[in-house]
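The values are calculated or read from the model by the stated rules, or taken from the named source; none is laboratory data. These numbers come from a predicted model, not from an experiment. Cβ placement follows ideal geometry from the backbone for every residue including glycine, while neighbour counts extend to all protein chains displayed. With ligands, DNA and RNA removed, areas are computed over all heavy atoms of the protein, side chains included. Shrake-Rupley method; radii C 1.70, N 1.55, O 1.52, S 1.80 Å.
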Amino acid sequence: MTRGVEFVEEDGGRPLLAASRGPQARREASSSSSEAGEGQIHLTDSCVQRLLEITEGSEFLRLEVEGGGCSGFQYKFSLDTVINPDDRVFEQGGARVVVDSDSLAFVKGAQVDFSQELIRSSFQVLNNPQAQQGCSCGSSFSVKL
């Protein structure tokens, strides 16, 4: 089951989110979430808080990178319940973000934030070290070569 969630890309963010594979690794990663490493996704406090408010049961936020948009690639957020074999699970404070291995190559080291403004509320990818530039609408990016 997947539910769509709007997204935007901007600059900002904070805490580290530990990466893991499978249930046992997920428990180990939760206890070592302060270690920085390649292939990590970071979550802001506002992202964790919002995920805890909107997810039910086994739901989590899935982050995918797809071809398209003004600059070549775009982020896609959705709520999901199925973890695939090639997925990496990032967990912090009971909130989970899942990224498939292909998409992770485009977002490793980035931050996921939740921004609430007068005209929109959305999850966003911030400070993506793999992105060279983004478009003015903030929904697409080009990768560093």
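What the table shows:
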quantity	calculated
Whole-percent carbon and sulfur share, accessible surface of the range 38-123, 1.4 Å	46 percent
Relative contact order for the range 58-145, counting Cα pairs under 8 Å that sit 6 or more residues apart, in percent	29 percent
Computed E for C70/S121 - FRET, C-beta separation, R0 25 angstrom, nearest 0.05	0.65
In Å², nearest 10: area of I54 left accessible to a 1.4 Å probe	40 Å²
Probe 1.4 Å, protein heavy atoms only - accessible area per residue of the range 64-112 in square angstrom	38 Å²
Tensor-based shape of the range 53-125 (alpha-carbon gyration tensor, a/c under 1.5 rounded, otherwise prolate or oblate)	oblate
Where K108, K76 fall by accessible area, highest first, once all protein chains stay in place (1.4 Å)	K76, K108
